[in-house]
Amino acid sequence: MASGVVRNIGGAVKLRGACRAMGLAAAALACLPVAAQAQRSAMTVIMPEDPRARAAQEDWGYAEAVVAGNTIYLSGMVVGLRPGETDLDAAFDRVFRRIEGTLKRVGASWDDVVDITSFHTDILPQIEAMKRVKARYVRAPYPAWTAIDVDRLLPDAGLTEIKIVAVKR
């Protein structure tokens, strides 16, 4: 059989014969599934509509969300109290509405969310507020949820950061 690269139905690559002549990096790249070799593009990278928020994210070098196939990865959104504010529920609600807005921009909703990861600077009081607000947006069957206690977040006034993964149906 001739040497070369053969793709199977799943897009995986099998190498035959002449692979020894290939450089290690080229062989490793050839072994990746086709989808893994795809490049991010303007069609799959979602940036904020607000010019100030967009400028900040471009400065830090991250996107609000990235769509890969039917999977949507939202960057963490930080919950914080406004000056003089003491209502954690209001702060969480603002972020849950932002998450909902981002999901809508890519044609998804809270019903498409499969994983929530939250990072809390003071987990016990924050988790109760998050549970109350989350109950207004997330219905059964529930997504996976991991809550992690951390020392601090950026920006310094951040209390909780919420990261979402959704899969469009």
Can you tell me the FRET efficiency between residue 137 and residue 49 if r is taken as the Cβ-Cβ distance and R0 is 25 Å, rounded to the nearest 0.05?
-> 0.75
Of the convex hull enclosing the alpha-carbon atoms of region 57-169, the direction-averaged projected area in nm² is 7.3
How far apart, in nm, are the 7 Å Cα→Cβ label points at residue 104 and residue 68?
-> 2.8
Translational diffusion coefficient (Stokes-Einstein; Kirkwood radius from C-alpha pairs) of region 120-169 at 25 °C, 0.890 mPa s, in µm²/s | 199
Whole-Å semi-axes of region 56-119's equivalent ellipsoid (Cα gyration tensor) = 23, 16, 10
With the 8 Å Cα cutoff and a minimum separation of six or more residues, region 64-169 has a relative contact order in percent of 42
Working out 0.36 nm times the residue gap between residue 148 and residue 86, then minus their Cα-Cα distance, what length gain in nm do you get to one decimal?
-> 20.1 nm
How far is it, in nm, from the label point at residue 60 to the one at residue 114 when both lie 7 Å from their Cα along the line to the Cβ?
-> 2.6
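Where a number appears in this text, it was derived from the coordinates with a stated rule and is not lab data. Here the structure is a predicted model, which is why all the values come from computation and not from measurement. When we count neighbours, we look across all protein chains shown, and the Cβ atoms used for this are built from the backbone with ideal geometry, even at glycine.
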